[in-house]
Amino acid sequence: MCLAVPGKVLSTFDQHGVRMAKVQFGGVVREACLECVPEVQVGEYVLVHVGFALSRIDEAEAERTFEALRELDQLAELEAPAADEPVEQAQSLPGKAGPGGNRR
Amino acid sequence: MKYLDEYRDGEIAARIVDKMRRTLTRPWVVMEVCGGQTHSIVKNGIDYLLPAGVELVHGPGCPVCVTPLEMIDKAHAIARLPNVIFCSFGDMLRVPGSEGDLFTIKSLGGDVRVVYSPLECLKIARANPEKQVVFFAIGFETTAPANAMLAWRARAESLNNVSLLVSHVLVPPALEAILEAPGNRVQGFLGPGHVCAVMGYREYDPISARYHVPIVITGFEPLDILQGTLMTVRQLESGRATVENQYSRILDREGNRAAQQLIGAVFEAGDRKWRGIGTIPMSGYHLRDEFSRHDAEKLFDVAGIAPREPEICISGQILRGLKKPHDCPAFGSLCTPQRPLGATMVSAEGACAAYYTYGRHLRPHGADPMHPVVRETEIVHANR
Amino acid sequence: MPTADETSKIPGTSGPEIVAAPAPFGSCPLPISEHQRIVLGHGSGGKLTADLIENIFLPAFRNPTLDKLDDQAVLKIGDLRLAFTTDSFVVTPIFFPGGDIGRLAIHGTVNDLAMSGARPLVLSAAFILEEGLAMDDLRRVVESMRAAAAEAGVQLVTGDTKVVNRGKGDQIFITTTGIGIIENDVNISADQATPGDKIILSGTIGDHGMTIMSQREGLEFEGAIESDCASLSGLVVTMLSTPTQRRDFIHTMRDPTRGGVATTLNELARRANVGIVIDQRSIPVRESVKGACEVLGLDPLYVANEGKLLAFVVPEMAEAVLDRMRQHPLGCDAAIIGEVVDTHPGMVLMKTEIGGTRVLDVMFGEQLPRIC
């Protein structure tokens, strides 16, 4: 539980003997403590809660499960009533590139 | 923002809901454990999107709400002391004790500081060697690694003016308390995604087996919650009861070993009192003896005031998923975030506060939740 | 069903669907905490502020003009219609990315005048300086005010200075008061809002508030967040001069400062006794502001802005006004975010990103970072 946000590790450094990182969230950068995710490399994503990285985000797993979500019941698209909203959405979908490409 | 935006896609949401509708043959009651999940559900109107027959009830996953009144009074008593810099997460600032809240204490001259991370207390302590820096260490297992690191570093650097007032609570014993309670309606759980990022989900296997309830460890974005609910419903419909992981991009069964080791080195499990529920055995963390000189409960001799909860408050039943906020006659009238009467209204994450914040006390008269005016609004077109 | 006026009274004691309060509550053992002292939340522009105004100020000073509770008073003096407003500025730190307290003090008051369609004319400025304030800092603030006044086309015509003891003043407080002229029978105020009006937001939200938040200890962000502090009078003139035969096509304008867009829309809905519906996906937010809000658990809709406006425009003119705005530097991200409706008066509904519905209430007290 609790508010934790995914961010990208830009760089790592040492502070008073504790392993820290500069992490990018959207357009801003903040420090986070990496002591509990020692295997994380620059360029990878972590989940940060109260300035503390709790977990490394498994990009491959994320891609796999999100594709499954997107392809959820392909047949349903033929049967179901038309969606209420236009297909074009204001926000872009990062991370769309992947196996199967963009089916939308 | 990567790993956030794509989990807020309305089209995919509609498809998941549709799938759920076609899977459903009878009504089910599912509890989401975390306050953060409650927040997301109410903020996004997710419960309104679900097919009729799937009921989400809100669990006790709000550490602020379940912090006992005695502990809050202790915190306030310490914050009032002249030589103390009292540090806390923002969530705790408006929680009233028997007399006022941390905001009031600040207005009377107390040095109360909001911190985003417990590690900031180390900076504050180094900069103020003559003051006592006390950190209000509340939270579930999610926050335990960060709080543990504070204690660990304070001891390592001999920062003897740093102490923690600990009120940590654990999820698995709370689930059991809910399942044991008479009148329990909960048939499946959306498990706490971030708690499990730290602890893994091994602890939930025996609970799922003993009570024959599906537990799907779920994230916090709308698509996470919808997918987690779908997975739970599928299990319920097929009579299965096992622990599944919806939040696999973040966690696996073992969780974060390094974090668990850090927690184990600093804390030990013990009994804890939960506001609105009572004492649940082995449901909290206490600082180990090696950290006594950083334990604010031991350092500060603050006599707890005997607190009295208002009789009208039904927080206990809400935290156990037996009642909803609008079942309470005081909801939105006598009891509001401005004047909270009990646990679930005192913090922004509590079910009552979440409902109030997102206007559930103001629901348009007689309007269907998917308000026709909102559905028909063609605002997005106009901006192209 | 209670009217909007009733719902804007003491919060928590009225509302459309309240279950009738049973009698036995009189013997509740715990006293309901009333504020005996001012707390920071009283200044954040939300419910607590509204409480203070309702319970302390209005009863003392009641008159028809004040009762309108617009950001500016419109005074009729002979044939002249003057807009008159005042505002104080206590921001810390006094210098921040995108501005400073001086710039804020000029633009804030100019904007309040501009929101009634007035042409801002003159300002006064009163300074409360803390003993020990660096003279260089004061020079910097004053120079900034000079530049801002020139940008806004106003003159500072009178002022005052006081000094208070060290520790009693947080470096510098500034109060500015402004006068403007409303020309051409323009009639823009909250109570003109009409069902059918489209709601236009002039640009990205949350920039100012998150800039200030990011300067607080422990919450520093690296990254391009800066205050949007600017005078809106030029943008307003551009909007008002949209070519048309139609008169009075802008019904209402307000700048969403403290409490953010959500609080301002609620104020307008209640004042005009109309309903409002907005679409979350149409609201422009910078990536940096969004990231900062996600990390701290804040909602951009409740974060202060200092260079943005909300306008209620008659539907047939909305696209034209939007186009005009987008050609102006301060309106390049303008968007139609919603409309005024005749259902659920006094209430703001929002369609969420995911397609759900949510009621958008006013902010309660101070916005605080959360962990849950």
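No lab work stands behind these numbers, since they all come straight from the coordinates. Computed from a prediction, not measured in an experiment: that's the story for all the values here. Cβ coordinates were reconstructed from backbone atoms using ideal geometry, including for glycine residues, and neighbour counts include every protein chain displayed.
Mean-square fluctuations from a GNM of chain B, with a 10 angstrom spring cutoff on Cα atoms, peak among B:S347, B:S163, B:S40 at B:S40. The modelled label-to-label distance for the pair C:V122/B:S248, using points 7 Å beyond Cα in the direction of Cβ, is 7.3 nm.
Distance between the pseudo-spin-label points of C:I77 and B:A269 (7 Å out from Cα toward the beta carbon): 7.5 nm.
Computed over the alpha-carbon pairs of region B:1-314, the distance histogram in 20 Å steps reads 31, 54, 15, 0 percent, short to long.
Within 10 Å of the Cβ of each residue in C:37-44, the mean number of Cβ atoms contributed by other protein chains is 3.
Taken as Cα centroids, region B:249-283 and region C:235-295 sit 45 Å apart, rounded to the nearest whole angstrom. The ranking of B:Y356, B:Y48 from fewest to most other beta carbons within 10 Å of each one's beta carbon is B:Y48, B:Y356.
The angle between the Cα long axis of helix B:35-44 and the longest principal axis of the Cα atoms of chain B comes to about 40 degrees, rounded to the nearest 10. The trypsin sites (Lys or Arg not before Pro) found in region C:234-309 that occupy coil by DSSP, while having at most 15 further C-beta atoms within 10 Å, are C:R246, C:R247. Please compute the length gained on full extension between B:H212 and B:K123, using 0.36 nm multiplied by the number of residues separating them and subtracting their Cα-Cα distance. Fully extending the segment from B:H212 to B:K123 adds 27.2 nm. Between C:E151 and B:R26, the FRET efficiency from the beta-carbon distance, with R0 = 56 Å, is close to 0.25.
Taking packing as the residue-averaged number of other Cβ atoms within 10 angstrom, the listed peptides B:193-200, C:348-355, B:248-255 run from highest to lowest as B:193-200, C:348-355, B:248-255.
By the Cβ distance rule (another cysteine Cβ under 4.7 Å), the unpaired cysteines of chain B are B:C34, B:C87, B:C121, B:C196, B:C313, B:C328, B:C335, B:C352. Which one of C:I94, C:T194, C:V295 is farthest out on the positive end of the charge dipole of chain C, using unit charges on Cβ (Lys, Arg +1; Asp, Glu -1) and the Cα centre as origin? Comparing the listed Cα positions along the dipole, C:T194 ranks first. Would you work out which of B:Y285, B:G264, B:Q246 lies farthest towards the positive end of the dipole of region B:217-336, given +1 charges on the beta-carbon of Lys and Arg and -1 on that of Asp and Glu, about the Cα centre? It is B:Q246, whose Cα lies furthest towards the positive end. The trypsin sites (Lys or Arg not before Pro) of region B:93-157 meeting both criteria, a DSSP state outside H, G, I, E and B (loop) and at most 16 other C-beta atoms within 10 angstrom of the site's C-beta, are B:K131. As a rough footprinting exposure proxy, the listed residues C:D248, C:D299 were ranked by other beta carbons within 10 Å of their own, and the order from fewest upward is C:D248, C:D299. Once the Cα-Cα distance is subtracted from the 0.36 nm per residue extended length, the C:D67 to C:Q327 segment shows a gain of 89.9 nm. A Förster distance of 51 Å, applied to the separation of the beta-carbon atoms of A:A68 and B:R155, puts the FRET efficiency at 0.65. Among the listed pairs B:K123/C:K47; B:K74/C:K168; B:K106/B:K131, give every one whose C-alpha distance is greater than 25 Å. Too far apart for the 25 Å limit: B:K123/C:K47; B:K74/C:K168.
Treating r as the C-beta distance of B:L81 and A:E61 and R0 as 56 Å, the FRET efficiency rounds to 0.70. The helix-based estimate of mean residue ellipticity at 222 nm for chain C, built from -39,500 (n - 2.57) per DSSP H run of four or more residues and divided by its residue count, is -7500 deg cm²/dmol to the nearest 500. Remark: mean inter-chain Cβ contacts per residue of B:243-250 equal 5, using a 10 Å Cβ-Cβ cutoff to other protein chain atoms. Region B:47-66 and region C:110-129 have Cα centres spaced 48 Å apart. Between the helical axis of B:171-180 and the longest alpha-carbon principal axis of chain B there is an angle of about 60 degrees. For chain B, take the longest principal axis of its alpha carbons; what is the angle in degrees between that and the long axis of helix B:222-238, to the nearest 10 within 0 to 90? Result, in degrees: 60. The GluC sites (Glu not before Pro) of region C:95-194 that DSSP puts in a loop, and whose beta carbon has at most 15 other beta carbons within 10 Å, are C:E131, C:E183. Among the residues of B:334-346, the average count of other protein chain beta-carbon atoms within 10 Å of the residue beta-carbon is 4.
Expressed as a fraction of 2.2 N^0.38 Å, the C-alpha radius of gyration for the protein assembly as shown is 0.94.
Just to be sure I understand the curve: with the Debye formula and one point per C-alpha of region C:68-182, what is log10 I(q)/I(0) at q = 0.14 Å⁻¹? Summing over Cα pairs of region C:68-182 leads to -0.57.
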